[in-house]
Amino acid sequence: MGKRQGEHVKVGCIGLGDIAQKAYLPVLGALPGLDLHLQTRTPATLDRVADALRVPAGQRHPTLDSLLAQDLDAAFVHAPTTAHPEIVTRLLDAGVPTYVDKPLGYELADSRRLVALAEQRNVSLAVGFNRRYAPGYAQCADHPRELILMQKNRIGLPEEPRTMILDDFIHVVDTLRFLVPGPVDDVTVRARLRDGLLHHVVLQLAGDGFTALGVMNRLSGSAEEILEVSGQDTKRQVVNLAEVIDHKGQPTVRRRGDWVPVARQRGIEQAVLAFLDAVRAGRVLSARDALATHELCERVVHAVRQRSAAA
C-alpha cells in the first residue's frame, strides 16, 4: 500500500559517515513530509549530525533494534560495506523498503542472497548507482553511442583488487552497462597488479556496432572522471559530472550552474526522490539489474586475480 497524499513518511538513515553527511542527509533533511530517524553506534556523531539537522531526541537511535522498532516506511543504508549484508537482511526481513549504497556486499553470494530475499519478501531494494540519474550522464543516453569511454582516476591510491573494484570501479562498470546500446557479447579485462595492489584496471565491453571502455588508474596524478560517447561523427564529453562538451565541428560547452547543488549534479538527489516516490506509491523496486553489475564486477575481480596468478 502507498502513503496517502500529505501523510508523513518515516525514513531511517543508518550510518552517518562522509557519504551520508555530504550527499544524502542534505537532501533528506530538506524534504517536506519526511520524519527522519538517524542511527549510528557512535554517540558523539549521532548527536552532532542530528543537532545540525534539528532531528528530535526521539528520532536518534544508537542501535538498529531501536530504529527497527519505529515501524519505518523506508531506510537508507550508508554503513561500511562489510556491514551491509547484516543490516539489509534485517531491514528486508522487517519489510522495510531499502536503499543501500553500492555495493550490496563485497561477496557476490551475499549480493545474490539479498536480492533473492527482497523478492521473496516482495520488498523494494535499490542500490545507489547515482550516476544513472546525473544530468550529464543521463543526457549521454540520448546521444549516438558507437564508442563509449569512461575514466575514473585517482592519485596515489592503489588498493586490494576486490575492495577497489566493488567500492569504486563498480561506478564505471554500472555506467557502461547503463549506456551500452545493445547486448554485450564480449568482455575483456586488463590490469596492472603489483605486490597485491591494483594500480589500474581496464574493462572492455563489446557488442554489435559498439565498444565500451572503462578505465581506472589509481596512480594517474589526477583525480578526475571523464565520460565520452561518440558516434555518427559527433561526440559528447562530460568532465567531472559538471561540464558537458558537445563536439560537432566546433565544441559547445555547458557548465553546471553556480547554484546547482552538488547532490543534484551527481544524481543523488534524483535517485533519492525516485526511491521515495516509489515508496509513497507502494511500487516495489527490483535490484536485479543492480545485481547484474555486481556479477560483472565479480568477473573483473576474477580476471584480475587470474592475471596476477599468471604473472
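Every read-out reported here was derived from the displayed coordinates using simple, explicitly stated rules and does not represent laboratory data. A quick note: this is a predicted structure, and the numbers were derived from the prediction, not measured. As a convention, Cβ positions derive from the backbone with ideal geometry for all residues, glycine included, and neighbour counts pool all protein chains shown.
Decide, for region 233-311, between rounded, prolate and oblate: order the square roots of the alpha carbon gyration tensor eigenvalues as a ≥ b ≥ c, take rounded if a/c falls under 1.5, and otherwise choose prolate if a/b is larger than b/c, else oblate. Verdict is oblate for region 233-311. Note on the chain: with charges restricted to the Cβ of Lys and Arg (+1) and Asp and Glu (-1), its dipole about the Cα centre is near 280 debye.
For region 137-176, the residues whose amide N sits under 11 Å from a probe point set 7 Å from the Cα of residue 232 along the beta carbon direction are 142-146. Within the chain, the selection of entire DSSP H helices by a Cα span of 18 Å or greater along the long axis and an average Kyte-Doolittle value of at least 0.5 returns 268-281. Would region 27-168 count as rounded, prolate or oblate if I go by the C-alpha gyration tensor, calling it rounded below 1.5 in a/c and otherwise prolate when a/b exceeds b/c, oblate otherwise? It is prolate, given that a/c is not under 1.5 and a/b is the larger ratio. Rounded to whole numbers, the Karplus 3J(HN,Hα) couplings from phi for region 235-248 are 9, 10, 10, 10, 10, 6, 6, 10, 10, 10, 10, 9, 10, 7 Hz, using 6.51 cos²θ - 1.76 cosθ + 1.60 with θ = phi - 60°, and x at Gly and Pro. Close amide H pairs (under 5 Å, H built 1.01 Å from N) link residue 193 with 199, residues at least 5 positions away or on another chain. If you run the Gaussian network model on the chain, springs between alpha carbon atoms under 10 Å, then out of 175, 98, 188 the most flexible one is 188.
Ordering 173, 245, 63 by Cα displacement along the dipole of the chain toward the positive end leaves 245 in first place; charges were set at the Cβ atoms of Lys, Arg (+1) and Asp, Glu (-1).
Peptides 255-266, 199-210 ranked from most to least packed give 199-210, 255-266, packing being the mean of other C-beta atoms within 10 angstrom over each peptide's residues. Helical content alone sets the calculated 222 nm signal of the chain at -9500 deg cm²/dmol, taking -39,500 (n - 2.57) per DSSP H segment of four or more residues and averaging over every residue. For the pair residue 204 and residue 57, a Förster radius of 51 Å applied to the C-beta separation gives a FRET efficiency near 0.45, rounded to the nearest 0.05. The value of relative contact order for the chain, using C-alpha pairs under 8 Å at least six residues apart, is 20 percent. Would you please classify the overall shape of region 85-161 from the alpha carbon gyration tensor, given that a ≥ b ≥ c denote the square roots of the eigenvalues, rounded means a/c under 1.5, and beyond that prolate means a/b larger than b/c while oblate covers the rest? Taking the square roots of the gyration eigenvalues as a ≥ b ≥ c, region 85-161 is oblate.
Taking only alpha carbon atoms, region 41-122 gives an Rg to Rh ratio of 1.00, where Rh is the Kirkwood radius.
If you plug the beta carbon distance of residue 119 and residue 8 into 1/(1 + (r/R0)^6) with R0 = 35 Å, you get a FRET efficiency near 0.80. Among 160, 295, 269, the largest mean-square fluctuation in a Gaussian network model of the chain, built with springs joining Cα atoms closer than 10 Å, belongs to 160. Around the amide H of residue 126, modelled in the peptide plane, lie the amide H atoms of 98, 99, 100, all under 5 Å away and 5 or more residues distant in sequence or on another chain. Springs join every pair of Cα atoms under 10 Å in this Gaussian network model of the chain, and among 214, 15, 156 the largest mean-square fluctuation is at 156.
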